[in-house]
Amino acid sequence: MAGQNVSDLKLVIIELDGCIFPLNHYRYNFYKNLCKKQKVAMDRQTFYNALGNMFTMYDSLPLSSTTNSSSFNQTVEKDLYDYLEVKGIKPNDGVMELLEYLKQKDIKIAVVSTHKTKDAIRYLEKGKLYNRIDYVIGTDTKLQPFPSTDIIDFLIEKYGVNKSQTLLITSIGQLLDSGHAAGINLIYVEDLVKAGDKEHTISYEVSKSMYETLNDIIFGRYEDFSMYQSILGMDDNMSPEELHSVRGHLADVYSGDNDLMDIVNKTYEWRLSELNVDPVALDDEISKTQQLKIIKQEELEKEAQRLEEEKRQQEEVPEELPAEEEEELPLDDTEESTSELSLEDELAGLEDMLSAIERGAQENEEAAEELVEDEEDDLEAELKALEDSLPSLDEEEEEPAEEDEEFVEEEATKEFKPVDKPKEFFFPDDDETSLSLDKQATGELDSVIDKIFSEEEKETEEEKETDKEEPKKKKVTLEKVGSALMNILYTFSLSLVILVVGLLIYTSLQASFEHGVLSFVKDIYLVYSNIANAFMSAILTVLHAIIPPIPSYANWMKNNGVISSAAAGVANVYFFNTFIIAIVEVVVYFINKKKDKE
């Protein structure tokens, strides 16, 4: 952002809920799980946009129609504090180092929270940070909550510092907007979401952790962007618009080099700060100007097209004499008589054309009738030839030729229909007046029909077998699931039995295990217990990094609030026993499976 620097800091304002402690992560996970139970979609960006004001943050979230924002916020904060009371809470990485550095430089430290002041103080006390802080303030005071600048203005006035000597460190967009409006230095820390264009534009730096924030404060005073301006083509005589144009050109040329573009953007912002120009406002103004130019250009093009269209239409219209002049032109007697004769000639010609058309139509009808008669004669000849080529009919009974024609035409136009009983598909017997197939053709037809019906029977049988196999498959699947559950239960039970038996033996022979002949067994157990503890340490460390509510190994062993450290060690051995037994069972299963295949 224009005009920002950290070379002369007197006051640093740090946001509590995302920069010092991961409280916003806990709030987001709680709300997301609640939405999941009610089958409502929820994402980080939506929750991030709502952060900043505890009185209204839940009003814009998906469950606002079914919950009261004020009472819901109280419930969430109470449950969160009770949970962290049991689990414990520690500050984010780099927070202790940053506070120590600020104390050494005699820079005042103020902590702001988007929730109640007393809750912020309690969290700082639990994290053992309260004595390192100069002032704590929440959004439950008489001052207007964020994104108002009231809280920032109050702190600046309280410590009597300039805005250029004040730095706000935050991970919340509304606080970033408030600091930008107040005109102070800003460092954005990525927490729930990554930094977007707005965060990069208005912040002095964007960091991923409080360690990076500390580095930005320590080494930021040594940055001097005036050394880059001549190299990048930005001189002191350029206007803001010219600087914007140069920055755009450099962005096109070096779009693939992020480090170089970072220097370009910071040099550009530094030059604008020297001119007391806000880069965000300048970008908006230039964008609006470009849009207006585009709109005007489009309007001019439309107007030019309209004028060209009107000109083209005028050129296409022929020049005609005015109607009044046509009426005034006199016609002499010869022209009138000539026009009357031409009309009579045209009528006579039309009558001749009509009569010629009628004669042609009559001749076409006669020719069509002759063509139909010829086709009928040809058809009769073909039918007779067909009768001669077919097997002989019964000589005692002969049907008229007309009936034969009808029979042949009916047979020719019939559509094939499936036969229900293939064995009876024969023509009538010889004693009836009909045609019959020879024995060879009849046999071939029967074989084809038998194949068709045998295939249909096979398909029916396959469908029945498939219907029978489906319940069997379901039964096998249920048996496999039940077997798997029984194996899991067996594994945990066997591990518990081994542990209980071992404890009983140790209790009954404790003296021998401690100082007697069985002391070597105790040494072996201690080695095994250390392996189990290392195993659980790796598992809980990974799970805690993925799912923060799961306790870390240190909290599990010391501060879980449920069982003692000794009991936690025994539980580690139990879980490790279970893991070993499960591995053995898997190995045995695959060995048996391989033997079955052989």
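The amide H of THR114, built 1.01 Å from its N in the peptide plane, has LEU16, ASP17 as neighbours under 5 Å, considering only residues 5 or more places off or on other chains.
Note that segment 225-277, at 10 °C in a medium of 1.306 mPa s, gets a Stokes-Einstein diffusion coefficient of 145 µm²/s from its Kirkwood radius over C-alpha pairs. Net charge dipole, segment 225-277: roughly 40 debye, given to the nearest 20, about the Cα centre with Cβ charges of +1 for Lys and Arg and -1 for Asp and Glu. When peptides 78-87, 195-204 are ranked by their average number of other Cβ atoms within 10 Å per residue, the highest-first order is 195-204, 78-87. Computed from backbone phi with θ = phi - 60° and the Karplus coefficients 6.51, -1.76 and 1.60, the 3J(HN,Hα) list for segment 173-190 is x, 5, 5, 5, 4, 5, x, 5, 5, 7, x, 9, 6, 9, 10, 9, 10, 5 Hz; x is used for glycine and proline. Annotation: segment 485-596 has a Kirkwood hydrodynamic radius of 16.0 angstrom, from the mean reciprocal C-alpha pair distance. Summing +1 for each Lys or Arg and -1 for each Asp or Glu among the other residues whose beta-carbon sits under 10 angstrom from that of VAL193 gives -2.
Descending by average beta-carbon neighbour count within 10 Å, the peptides 137-144, 301-308 line up as 137-144, 301-308, the highest first.
Quick one: grab the alpha carbon gyration tensor of segment 100-204, order the square roots of its eigenvalues as a ≥ b ≥ c, and give me rounded if a/c is under 1.5, else prolate or oblate depending on whether a/b is larger than b/c. Verdict is rounded for segment 100-204. In whole Å, what is the distance between the alpha-carbon centres of segment 154-177 and segment 37-68? So the two Cα centres are separated by 27 Å. In segment 11-220, the inverse of the mean reciprocal separation of distinct Cα atoms equals 17.4 Å; this is its Kirkwood hydrodynamic radius. Highest mean packing comes first when the peptides 64-76, 155-167 are listed by Cβ atoms within 10 Å, giving 155-167, 64-76.
Any read-out appearing in this document is the output of simple, stated calculations on the displayed coordinates, not a laboratory observation. Predicted, not measured: the structure shown is a model, and the values here were computed from it. Glycine gets a Cβ as well: all are built from the backbone with ideal geometry, and neighbour counts include every protein chain shown.
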